[in-house]
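Presented below is the structure to which this report refers.
The values are calculated or read from the model by the stated rules, or taken from the named source; none is laboratory data. What you see is a predicted model, and the numbers here were worked out from it, not measured in a lab. So basically every Cβ, Gly included, is an ideal-geometry build from the backbone, and we count neighbours across all protein chains shown.
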């Protein structure tokens, strides 16, 4: 019984990693980050790199617009 649960958890992790790899690829492509690097990171680390990904998006936005500009997001 425990072996079946272990296989299910492993399969779920592999599926989640593939899904997050695709999500990070699309989002990084849309925001101008290096898409292949983020897709590989999403495949290896899954959802655990989300805070790093969002901070990189924010840094890229601040570099392109400048620190003094105002950005309204709804």
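What the table shows:
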| quantity | calculated |
| --- | --- |
| Selected residue [touching a helix residue (DSSP H, G or I) at 6+ places or on another chain (Cβ under 9 Å) and at pLDDT below 95] from 2, 33, 15, 62 | 33 |
| Total residues in the stretch 18-30, condition surrounded by fewer than 16 Cβ atoms within 10 Å (Cβ to Cβ) and touching a helix residue (DSSP H, G or I) at 6+ places or on another chain (Cβ under 6 Å) | 1 |
